[in-house]
Amino acid sequence: MSQPVRVIPFDHQQSAHCETGVISNLMRFHGLPVSEPMAFGIGSGLFFSHMPFLKMNGIPVTSYRILPGWIFSRFTKRLGISIRRVTFRDPREAMDELDRVLAQGLPVGMLTSVFYLPYLPKAFRFHFNGHNIVVFGKEGDEYLVSDPVMDGPTRIHRSALIRARFAKGMPNIKGRMYYPTRVPTDADLRTAALKGLRRTARDMSTTPLPMFGSKGIGYLAGKLRHYERRLGEKDARLALGNLIRMQEEIGTGGAGFRFIFAAFLMEAAKLLNAPPLKEMALEMSRIGDQWRDLAYQAGRLCKGRAEAHITYDHLADKLADIGRQETAFFKQLHQFAKQL
């Protein structure tokens, strides 16, 4: 039986990225004010990988972050937060459990498929079973939703939410929901931020395999240089378009994550009493600008609108230069963080 559900007072704030936005919104509800950049940094969210052995729609996967869910796991572990996570086989059971937790006055985070969220504009809906939202109440057959990408709270009908929670495909999300059961009032943000900073710097600068970390950017540049010769003009544009989509549209991506990380470094500079992190934050923002410019130029090439000098070799050179800058940046950050 469904539980009587009241609307929970919930402060929705729009975010750049769904996982870190949900973390920030949930923590604020539980009395632990944490910004989205701080959640991202404590969770060591920034990473890079280009994996030719792993393909989506026949195209090698490029990722600009750690695996979905890992930011949340690292964040809660480093701050001693207890989380209950549940998956289901039966949609009715899943909705009953959601109602039960809401009736206790607790907002609930969950994974959904972007494609089946009707409140999103059609242009934003694609088959991706990893979008985090918060449900914080129910009125009739409609649930109240805090979706981090939206500028305000919204609603979704019970049938649509079931479809979004049990969408087929990979990953198989199985109606997954989660919510904090204990958030310590004396959480040590300083120690957690330092651990997050060190892990990101280490992973980006010392991961040995060539397709991971900052060196993976140069690895991708080498692949990009041969797109047109190896794939032909049409398939090369498709591959390049997918690369830019992964960078700029799916999960915030390359430039967006750099700007969030830069904001984290600014906060960490004060929290850790480490002024040099402010200059590093500015440098990270400058690198983010170059990622965004790369996406702009690549987008024009995909659409056949690029100036004559914008070729695959030109884009590969630009990407390789970004890789060299990030390699130097994270080596410096790694050495500095070890001294804190």
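Details
- In the stretch 43-63, the residues that are more than 27 Å from SER285 (Cβ to Cβ) and either of a type in the set (Gly, Ala, Ser) or touching a helix residue (DSSP H, G or I) at 6+ places or on another chain (Cβ under 6 Å) (or both): GLY58, ILE59
Residue by residue, here is whether (1) modelled with pLDDT of 95 or more; (2) among the aromatic types (Phe, Trp, Tyr); (3) more than 26 Å from THR311 (Cα to Cα) holds:
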residue	(1), (2), (3)
PRO171	no, no, yes
MET246	no, no, no
ARG258	no, no, no
PHE264	yes, yes, yes
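- Failed condition for VAL108, given (1) touching a residue at least 40 places away in the same chain (Cβ under 8 Å); (2) in contact with a helix residue (DSSP H, G or I) (Cβ under 8 Å, 6 or more places away or on another chain); (3) under 26 Å from ALA263 (Cα atoms): (3)
- Flag if LEU197 is crowded, with 16+ Cβ neighbours inside 10 Å and in contact with a helix residue (DSSP H, G or I) (Cβ under 7 Å, 6 or more places away or on another chain): yes
- Residue check for LEU161: in contact with a helix residue (DSSP H, G or I) (Cβ under 9 Å, 6 or more places away or on another chain) and assigned by TED's automatic domain parsing to the domain that holds ILE260: no
- All helices (runs of 4 or more DSSP H) inside the stretch 221-340 with 3 or more residues being buried (at least 19 other Cβ atoms within 10 Å of the Cβ): 233-248, 253-271, 276-302, 312-339
- Residues considered: GLY152, GLY196, GLY169. Of these, the only one that is at positive phi, in contact (Cβ under 8 Å) with a residue 24 or more places away in the chain and either out of contact with any strand residue (DSSP E or B) (no Cβ under 8 Å at 6 or more places or on another chain) or assigned to a loop (DSSP other than H, G, I, E, B) (or both) is GLY169.
- VAL61 touching a strand residue (DSSP E or B) at 6+ places or on another chain (Cβ under 6 Å), among the hydrophobic types (A, V, I, L, M, F, W, C) and modelled with pLDDT of 95 or more: no
- Matching residues in the stretch 30-44 - criterion: being part of a helix (DSSP H, G or I), surrounded by fewer than 24 Cβ atoms within 10 Å (Cβ to Cβ) and either modelled with pLDDT under 95 or in contact with a strand residue (DSSP E or B) (Cβ under 8 Å, 6 or more places away or on another chain) (or both): none
- For the stretch 38-88, a residue qualifies if it is over 18 Å from the mean Cα position of the chain (by Cα) and aromatic (Phe, Trp, Tyr), and the qualifying residues are PHE53, PHE88.
- Under the condition of being buried (at least 18 other Cβ atoms within 10 Å of the Cβ) and either acidic (Asp, Glu) or modelled with pLDDT of 95 or more (or both), the residues counted in the stretch 139-153 number 5.
The values are calculated or read from the model by the stated rules, or taken from the named source; none is laboratory data. All values derive from a computational prediction rather than experimental measurement. As a convention, Cβ positions derive from the backbone with ideal geometry for all residues, glycine included, and neighbour counts pool all protein chains shown.
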